Amino acid sequence: MIWQQLINTPEYFVSIYGEVLSLKNKSPRVLLQSDDGKGYMVVNIDGGTKFVHRLVASAFLGLDISNSSMVVMHKDDNPKNNKLYNLAIGSQKDNIADAKNKGRNFIPKGKISSKDVFDIRSRLLSGEKGIDLASEYGVSVSLISAIKNNKRRIV
């Protein structure tokens, strides 16, 4: 297995398979990963939560972890697959283009019409769930909530 030392944390290493190794204690141990609630795997390093895909990209692809304008894209769209062969670095624009090219249902957030706002309100009143409408329209659940609570006006 190929391991690379993490920058600024000499006691931690990451593998090309997305495993994170700690040499902090007397015996090496692979850190337990957990789901962040959005499907991305995270580990705890020195009291902070770190995204595994960003650690792998930092170690092997040269990602500057402090540069939040660059994203790590999962080629197979599976955020749990943090193997090196599955990761690529790009901008958010690249990530959106990748989603469109793969045919994922994509409507930019905030790009809904007045008719959509009216339809969403009507459908909420008829009992449809906000989370389902958010997915259908490609917007956040908080935007659906704002529409429901009349904080988003029809123009």
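The values are calculated or read from the model by the stated rules, or taken from the named source; none is laboratory data. All values derive from a computational prediction rather than experimental measurement. All Cβ positions, glycine included, derive from the backbone under ideal geometry; neighbour counts span all protein chains shown.
Some observations on this one:
- Check on S27, surrounded by 15 or more Cβ atoms within 10 Å (Cβ to Cβ), of a type in the set (G, A, S) and either under 13 Å from the mean Cα position of the chain (by Cα) or farther than 30 Å from A134 by Cβ (or both): no
- Residue in region 40-57 that is under 19 Å from L84 (Cα atoms), in contact (Cβ under 8 Å) with a residue 40 or more places away in the chain, among the charged types (D, E, K, R) and out of contact with any Phe, Trp or Tyr (no Cβ under 8 Å at 6 or more places or on another chain) present: no
- Applying the condition of being hydroxyl-bearing (S, T, Y) and surrounded by 17 or more Cβ atoms within 10 Å (Cβ to Cβ) to region 30-81 and asking which residue is nearest to Y12 (Cα to Cα) yields S58.
- Scanning region 8-21 for residues that are within 13 Å of K50 (Cα to Cα) and assigned to a loop (DSSP other than H, G, I, E, B) gives G18, E19.
- Some residue of region 30-39 being modelled with pLDDT of 95 or more and either of a type in the set (D, E, K, R) or not in a loop (DSSP other than H, G, I, E, B) (or both): yes
- Flag for D94 being part of a helix (DSSP H, G or I) and either modelled with pLDDT under 85 or not assigned by TED's automatic domain parsing to the domain that holds V43 (or both): no
- Positions within region 41-71 being in contact with a helix residue (DSSP H, G or I) (Cβ under 7 Å, 6 or more places away or on another chain) and under 22 Å from I2 (Cα atoms), in sequence order: M41, V42, V43, V56, F60, L63, I65
- Looking only at residues of region 4-22 that are modelled with pLDDT of 95 or more and either touching a His at 6+ places or on another chain (Cβ under 6 Å) or of a type in the set (A, V, I, L, M, F, W, C) (or both), we find that the one that is farthest from V71 (Cα to Cα) is L21.
- Residue count for region 98-141 satisfying the condition of being under 30 Å from L63 (Cα atoms) and modelled with pLDDT under 85: 15.
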